[in-house]
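Worksheet for the structure shown next.
The values are calculated or read from the model by the stated rules, or taken from the named source; none is laboratory data. Computed from a predicted model, the values in this text were never measured in an experiment. FYI the Cβ positions are ideal-geometry reconstructions off the backbone, even for glycines, and counts take in every protein chain you see. Protein only, heavy atoms only, side chains kept; ligands, DNA and RNA dropped before computing areas. Shrake-Rupley method; radii C 1.70, N 1.55, O 1.52, S 1.80 Å.
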Amino acid sequence: MNLFTHVRGILIEILNNLSSKGVLPTDTDFSNITVEPPKDTRHGDMATNAAMVLSKLVATRPRELAQTISDSLAKVEIISSVDIAGPGFINISLSEVCWQNLLSSVLLAGKNFGRSNMGFSQKVNVEFVSANPTGPLHVGHTRGAVFGDALASLLSYSGFEVTREYYINDGGAQVDALARSIFLRYQEAFGRKVVFADGTYPGDYLIPIAIGLKEKVGESYLNKSEDEWLPELRDYAVDAMMDLIRSDLDLLGIKMDTFFSEKSLYGSGQIEAALGRLRENGLIYKGVLEPPKGKTTDDWEPREQTLFKSTEHGDDVDRPVLKSDGSWTYFAPDIAYHFDKLSRGFDRLIDIFGADHGGYVKRMKAAVSALSNGKVPLDIKLCQLVKLYQNGEPYKMSKRAGNFVMLRDLVKQVGPDVTRFVMLTRKNDAALDFDFQKVLEQSRENPVFYVQYAHARIKSVIRKAEELNIDIAEQALSEANLSSLTHASELSLIKKIAEWPRLVEVAARLYEPHRVAFYLFDLSSQLHAHWSKGSDDQSLRFLHADDLTITQSKIALACAVSIVISSGLAILGVEPAEKM
RNA sequence: GGCCCCGUGGCUCAACUGGAUAGAGCAGCCCCCUCCUAAGGGGCAGGUUAUAGGUUCGAAUCCUAUCGGGGUCGCCA
């Protein structure tokens, strides 16, 4: 349960009451009235801006209105005190019993504490990674992969029906280049000398693929012309690359629900159908674009093109859908792909792009808006670059030198948990520094270890409690007598736990899984602080061999913290540590 | 030049999308293990939120301009 929405409900009831008494106008909009934890805990447990928001409507001073509202709030059973502060905040404190009861309900809910139906089972499609099938994933893809997967988990935790999807760019010329590169390696496997020209892929990862090809087709390709082997080899190549990519994703624990092939859109009439839909709405026309403003226009020539009128839907310029040779631009199958997503009945679409694709955001949104008549929102989250460091020194990657750091090498070196957590400790639209050494440090500077250590400490005392014959089942703990949990440090730990459902809601609404990581760090910090207080004040320790009732109540608290930590880590895709 | 993102203590970042005295970690100084995991905790110090205006009860957050950093810019996907 979310105590904040509960108290907000009580508040709204009071406000409705004031409406019917004529103190407030009838049909007042209460939607921007909030009940939130105050920044400073000395201000109480919760604060509402109600009086400040509403005072304009009734032409009274905020503090005066606040008095009226707080008179009613003070009568509510779970509320222990109400006061008015600053420009008209109403600060609310809840009774100790209320917090103790909350702890019980957390234990009763177990790992479901924090889940919500905020999404109303709406169908959401999260498209992410979608790397070109020309090689294994590298670090550049990793952030988007982790972000998309965590966002998908977060949304599904919040009651959305989520599909994880990968768009395979297997339609373009790069697949030909890939096939030719494999053919070179294939010739090499027969001892021939080969040269990798510009535009081919010289990476070692193609060697085993070519050997596989040799085993499959023998010598049969050696003396054939390109137009004979190329069509077959294209499919073989893409399949092989997608196997590589799938196994890379596996290393991070990412399972896609759907792999959607760009190629499948060609020759099936789907691109024509999508563009047909736009044409019906009068959004396809032939015209000449203006040259880009201010940019050097040496090679610019006015040219008539088939254009999508994306400016009708918020884009800056209209976008071409046909090349001069009559084939589609990249954008055309992308429109068709999103049209396909719409036809599959999703209520909202989310695309995760690298920041270098920021220029496509407006046109893609325009396309979805046009195709769905503005009914289905497309949200595009951009992931900024990851800068690699080795002991504080920038780690240089060069595509030409071929020393690109691969996802699998990264994960092999630091492990999937560290990779995932660290990638999520920054907002998606801020650049991220990733230092191979620092992420393995075992200190407070490393959030992964800090959170894991908190969890391991809790698990350790729970194991010891079990040895004292305490029933550590969540059900039993939820029924324990918790009235001894009255110390400020214990109550503030409970209050931090109580913020979890609200935090999840905010993070899900804003598509910001990093908030989960920061919350877990905060919660762990409080746990560590509380733990240390046990050194000065024996009564705060979790284990009391001479008083099992007290011990049980303390273990209930510890257990609730571990529940929230593991739920949060589960959203991030990180395994909680039992021991360290 | 157009568009998008970013600018917060010496460093790396938060700030519940407009709330109260802007919070953490690192680095610096001081302190805490006969005691559930010190891989931890407590304290001191450090800020005109790039700059200048504006919007209002109230701005790091919204608007305008300027400066600085990154990305991107008509048939490459």
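Within the stretch A:508-524, the set of residues being open to solvent by less than 30 Å² (accessible area, probe 1.4 Å) and closer than 29 Å to residue A:475 by Cβ comprises A:508, A:516, A:519, A:520, A:523, A:524. Of all the criteria given as (1) in a helix (DSSP H, G or I); (2) surrounded by 15 or more Cβ atoms within 10 Å (Cβ to Cβ), the one not satisfied by residue A:475 is (2). For the stretch A:167-200, how many residues are open to solvent by 60 Å² or more (accessible area, probe 1.4 Å) and in contact with a Pro (Cβ under 6 Å, 6 or more places away or on another chain)? Total satisfying the criteria: 0. Taken over the stretch A:275-294, the criterion of being surrounded by 10 or more Cβ atoms within 10 Å (Cβ to Cβ) and among the basic types (Lys, Arg) is satisfied by A:277, A:279.
Please work out if residue A:534 is open to solvent by less than 10 Å² (accessible area, probe 1.4 Å), near RNA strand B (Cβ under 8 Å from one of its atoms) and in a helix (DSSP H, G or I). Give the derivation first.
On the way: open to solvent by less than 10 Å² (accessible area, probe 1.4 Å): yes; near RNA strand B (Cβ under 8 Å from one of its atoms): yes; in a helix (DSSP H, G or I): yes.
Criteria met by residue A:534.
Here residue A:144 meets the list (1) open to solvent by less than 30 Å² (accessible area, probe 1.4 Å); (2) within 30 Å of residue A:567 (Cβ to Cβ); (3) touching a Lys or Arg at 6+ places or on another chain (Cβ under 8 Å) almost entirely, failing just condition (3).
When you scan the stretch A:315-417 for strands (runs of 3 or more DSSP E) that lie fully inside it, which ones turn up with 1 or more residues that are in contact with a Phe, Trp or Tyr (Cβ under 6 Å, 6 or more places away or on another chain) and open to solvent by 60 Å² or more (accessible area, probe 1.4 Å)?
On the way: elements: A:348-354, A:378-383, A:386-390.
Of the strands (runs of 3 or more DSSP E) lying wholly inside the stretch A:315-417, those with at least 1 residues that are in contact with a Phe, Trp or Tyr (Cβ under 6 Å, 6 or more places away or on another chain) and open to solvent by 60 Å² or more (accessible area, probe 1.4 Å) span A:386-390.
Against the conditions (1) more than 8 Å from RNA strand B (Cβ to nearest atom); (2) open to solvent by less than 10 Å² (accessible area, probe 1.4 Å), residue A:447 satisfies every one except (2). Number of residues in the stretch A:537-580 that are part of a loop (DSSP other than H, G, I, E, B) and polar (S, T, N, Q) equals 0. Just one residue in the set A:130, A:156 is polar (S, T, N, Q), within 27 Å of residue A:375 (Cβ to Cβ), assigned to a loop (DSSP other than H, G, I, E, B) and open to solvent by 10 Å² or more (accessible area, probe 1.4 Å); that residue is A:130. Considering only the stretch A:445-474, state which residues are free of Cβ contacts under 8 Å to residues at least 12 places away in the same chain and under 21 Å from residue A:540 (Cβ atoms). Those that are free of Cβ contacts under 8 Å to residues at least 12 places away in the same chain and under 21 Å from residue A:540 (Cβ atoms): A:463, A:466, A:467. Just to be sure before I move on: is residue A:371 modelled with pLDDT of 90 or more, near RNA strand B (Cβ under 9 Å from one of its atoms) and either touching a helix residue (DSSP H, G or I) at 6+ places or on another chain (Cβ under 9 Å) or within 26 Å of residue A:250 (Cβ to Cβ) (or both) in the structure I sent? Criteria not met by residue A:371. Residue pairs whose Cβ atoms lie under 9 Å apart, separated by 6 or more positions or on different chains, with the first residue in the stretch A:65-77 and of a type in the set (Val, Ile, Thr) and the second in a loop (DSSP other than H, G, I, E, B) and surrounded by 16 or more Cβ atoms within 10 Å (Cβ to Cβ), are A:68/A:60. For the stretch A:81-132, name all the residues that are under 30 Å from residue A:64 (Cα atoms), of a type in the set (Ser, Thr, Tyr) and within 16 Å of RNA strand B (Cβ to nearest atom). Those that are under 30 Å from residue A:64 (Cα atoms), of a type in the set (Ser, Thr, Tyr) and within 16 Å of RNA strand B (Cβ to nearest atom): A:81, A:93. Residue A:542 meets the conditions (1) open to solvent by less than 60 Å² (accessible area, probe 1.4 Å); (2) within 30 Å of residue A:423 (Cα to Cα) in every case but one. The failed one is (2).
Residues of the stretch A:31-44 that are under 13 Å from residue A:8 (Cα atoms) and modelled with pLDDT of 90 or more: A:33, A:34, A:35, A:36, A:37.
Screening the candidates A:565, A:555 for the property of being in contact with a His (Cβ under 8 Å, 6 or more places away or on another chain) and either among the aromatic types (Phe, Trp, Tyr) or in the same structural domain as residue A:458 (by TED's automatic domain parsing) (or both) yields one hit, A:565. Inclusion of residue A:425 among residues that are at pLDDT 90 or above and within 30 Å of residue A:201 (Cα to Cα) is not warranted.
Go through the stretch A:260-291 and give me each residue that's free of Cβ contacts under 8 Å to residues at least 24 places away in the same chain and polar (S, T, N, Q). Lay out the reasoning, then the answer.
If we filter the stretch A:260-291 for residues that are free of Cβ contacts under 8 Å to residues at least 24 places away in the same chain, which is where we start, we get A:264, A:267-269, A:272, A:276, A:279-280, A:286, A:288, A:291.
Selection gives A:264, A:268.
Taking the stretch A:25-51 as the range and being open to solvent by 50 Å² or more (accessible area, probe 1.4 Å), of a type outside the set (S, T, N, Q) and more than 19 Å from residue A:2 (Cα to Cα) as the test, the residues that pass are A:25, A:27, A:29, A:42, A:43.
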